[in-house]
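Everything below concerns the one structure shown next.
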Amino acid sequence: MKASLKGRYTDDKSTAAVTLAVNAGNVKLRASMTDATVVNGPSLNGLTLAVEKPGFLIIDYDVPKKDFRFQFMNSVRVAEKPLKLTYIHGRGDNRTVVDGALVFDSANKVSANYMLGTRNCKLKYSYVHGGVTTFEPCYDLGKNAWDFAISRRIYDDVFKATYQIWSKDLALEWSRNSKFNGTFKEFEYSQDAPDFFFWIKDAIGSHRSLFCRN
């Protein structure tokens, strides 16, 4: 049995989630709950049950909403390159999403996300330079607009910035995945480009400044 605990803290509220997973042969049974499940007395709010066959199938059941979500994964080869396909269908909202990712090599990948029956389609190219810096331009067909993302890994830390041209919104993210120092993710949002450069300077110069920043 494996258990994980995740917390999210913002200026106005904090949330937590707990996941329990049990291996049963070649499938995995998983139960997830949020703080809404236990706050103000035990309830079914925030409780999700899942059955997973890694790399092939995931079935999620939202207990309070009585809603199923199906996810199927498969991989084929196109011109000797691996094409990973994911089919996701939510019964409650009756939405179907198809994801595809074609991996050319360790540095170059093209992916697409499409919601059936709509104009919601995104095309993204990912390029990894030197194994540490990733550039990701993305074109949104529905909005007829580009997004750009750049991330850089520094030891166990990853700093990422995403800019949406159509809205001029800038999203900043700092995450860490370390066996010794734990895992966390911090997110900031800004429409002020100069603030972005101060954030990057603080992030590289002093990790502590990010924790103290309001």
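The values are calculated or read from the model by the stated rules, or taken from the named source; none is laboratory data. Model, not experiment: these values are computed from the prediction. Note: ideal-geometry Cβ built from the backbone for every residue, glycine included; neighbour counts use all protein chains shown. Only protein heavy atoms, including side chains, enter the accessible area calculation; ligands, DNA and RNA are left aside. Shrake-Rupley method; radii C 1.70, N 1.55, O 1.52, S 1.80 Å.
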inquiry  = I'd like the full set of residues that are of a type in the set (Phe, Trp, Tyr) and under 18 Å from the mean Cα position of the chain (by Cα), limited to the stretch 140-152.
reply    = 148
Every residue from the stretch 94-108 that is open to solvent by less than 80 Å² (accessible area, probe 1.4 Å) and either part of a loop (DSSP other than H, G, I, E, B) or in contact (Cβ under 8 Å) with a residue 24 or more places away in the chain (or both) = 102, 105, 107
query = Taking the condition in contact with a Phe, Trp or Tyr (Cβ under 9 Å, 6 or more places away or on another chain), within 30 Å of residue 164 (Cα to Cα), assigned by the TED database to the domain that holds residue 155 and small (Gly, Ala, Ser), does residue 111 pass?
reply = no
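Rundown of residues vs (1) within 28 Å of residue 57 (Cα to Cα); (2) surrounded by 14 or more Cβ atoms within 10 Å (Cβ to Cβ); (3) modelled with pLDDT of 90 or more, yes/no style:
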residue	(1), (2), (3)
84	yes, yes, yes
110	yes, yes, yes
122	yes, yes, yes
126	yes, yes, yes
156	no, yes, no
162	no, yes, yes
179	no, no, no
request  = Can you tell me which residue among 67, 62, 105, 99 is charged (D, E, K, R) and under 18 Å from the mean Cα position of the chain (by Cα)?
outcome  = 99
